[in-house]
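J.: Structure incoming, see below.
The values are calculated or read from the model by the stated rules, or taken from the named source; none is laboratory data. Predicted model only: the values in this text are computed from it and were never measured. Every residue, glycine among them, receives a Cβ derived from its backbone with ideal geometry; neighbour counts consider all protein chains shown.
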Amino acid sequence: MIESQPLARVQRLSRILSRLALVFMALILLLDLLLWIDRPALERSAAMLLPAGTPHDLTTTALIGGFVVAHMVMGLLLYALWQAHRLFAAFAGGAILVPETGRRLFRIGLAFALVLPAQLAASGATSLLLTWRNPAGSRALTLSADPVHAMLAVAGLLILTVGWVMAEAARIAEDNAQIV
Amino acid sequence: MPINVTLDVMLARRKMKSKELAERIGITEQNLSLLKSGKVKGVRFETLAAICRALDCQPGDLLEYLPEDDA
């Protein structure tokens, strides 16, 4: 391990960011819990998914299905945060240019990039579940994503590429270290 | 790996200790030990030249090729 002032600063900052990633994970889970125990909030969220005035029914099936698909997107975010937590923990321990760094960055990027298609699939499935009991012709399939999801996907692809390159760079560095 | 490092043989012939060679050629004893045991992926020409200079030998005296069946 190289002992230097900049490295010590990186390690200090990484320790903080590693803990922050865990805090964000806990916050996301808490907010999710608050949403799912608040029936009126769920009703509002369901209505927002559909075009204004579309009749819908928040049945048990819709609730269970909605819970599963909504958690696909949240699962991706939690996975990215967990990878960030492990990545910064490794930085805090002094492991910086190692193949694992690249692999973790790749996973974070992949999770971010998958949020957009997961969001589209989740909104489509939820809208179908909510309007399933409507008479034929008035069921709705809405695909919704906001610009944040698109930006997250672009950022994800960039992080994924950087991670890939870093993993390769670390592999080459390891290889070079074995040449005397 | 069919390349066998025979550095220990040359060291014995020249009656030189690994520590002394490491100091002369400017690499760590740990790296020299890895080289002697063949646990490295490669040797820089610079290192090879320094070893040949220190032991007064040729690269062929330090390395030998063993066909896969014999390796």
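J.: When the stretch B:13-37 is examined, which residues are found to be surrounded by 12 or more Cβ atoms within 10 Å (Cβ to Cβ), within 11 Å of chain A (Cβ to nearest Cβ) and part of a loop (DSSP other than H, G, I, E, B)?
T.: Correct list: B:27 only.
J.: In the stretch A:130-180, which residues are part of a loop (DSSP other than H, G, I, E, B), aliphatic (A, V, I, L, M) and within 14 Å of another protein chain (Cβ to nearest Cβ)? Working first, answer last.
T.: Step one: filter the stretch A:130-180 for residues part of a loop (DSSP other than H, G, I, E, B), giving A:131-146, A:178, A:180.
Next, only the ones that are aliphatic (A, V, I, L, M) stay: A:136, A:140-141, A:143, A:145, A:180.
Once the filter is applied, which keeps residues that are part of a loop (DSSP other than H, G, I, E, B), aliphatic (A, V, I, L, M) and within 14 Å of another protein chain (Cβ to nearest Cβ), the stretch A:130-180 yields only A:180.
J.: Going by what's in this entry, would residue B:61 be described as in a loop (DSSP other than H, G, I, E, B) and either away from chain A (no Cβ under 14 Å) or without any contact (Cβ under 8 Å) to a residue 12 or more places away in the chain (or both)? Walk me through how you get there before you give the answer.
T.: Details: in a loop (DSSP other than H, G, I, E, B): no; either away from chain A (no Cβ under 14 Å) or without any contact (Cβ under 8 Å) to a residue 12 or more places away in the chain (or both): yes.
When the stated conditions are applied, residue B:61 does not pass them.
J.: So, one more: Of all residues being of a type in the set (S, T, N, Q) and out of contact with any helix residue (DSSP H, G or I) (no Cβ under 8 Å at 6 or more places or on another chain) in the stretch A:129-177, which is nearest to residue B:34 (Cα to Cα)? Just the residue, please.
T.: First, the residues of the stretch A:129-177 that are of a type in the set (S, T, N, Q): A:131, A:134, A:138, A:142, A:144, A:161, A:176.
From what's left, out of contact with any helix residue (DSSP H, G or I) (no Cβ under 8 Å at 6 or more places or on another chain): A:131, A:134, A:138, A:176.
Working: A:131: 69, A:134: 74, A:138: 74, A:176: 14 Å.
If we take residues in the stretch A:129-177 being of a type in the set (S, T, N, Q) and out of contact with any helix residue (DSSP H, G or I) (no Cβ under 8 Å at 6 or more places or on another chain), then A:176 is nearest to residue B:34 (Cα to Cα).
J.: For the stretch A:1-44, what are the residues that are under 20 Å from the mean Cα position of the chain (by Cα), under 30 Å from residue A:126 (Cα atoms) and small (Gly, Ala, Ser)?
T.: A:21, A:26
J.: I'd like the residue in the stretch B:38-51 that is part of a helix (DSSP H, G or I) and under 23 Å from residue A:174 (Cβ atoms) and, out of all such residues, is nearest to the other protein chains (Cβ to nearest Cβ). Don't jump to the end; show me each part of the working.
T.: Of the residues in the stretch B:38-51, the ones part of a helix (DSSP H, G or I) are B:45-51.
Filter again for under 23 Å from residue A:174 (Cβ atoms), leaving B:45-48.
On the way: B:45: 11, B:46: 10, B:47: 6, B:48: 10 Å.
Per the stated criteria, the residue is B:47.
J.: Going by the structure shown, is residue A:93 exposed (fewer than 15 other Cβ atoms within 10 Å of the Cβ) and modelled with pLDDT of 95 or more? Spell out how you get there, then give the answer.
T.: Values: exposed (fewer than 15 other Cβ atoms within 10 Å of the Cβ): yes; modelled with pLDDT of 95 or more: no.
Against the criterion (exposed (fewer than 15 other Cβ atoms within 10 Å of the Cβ) and modelled with pLDDT of 95 or more), residue A:93 does not qualify.
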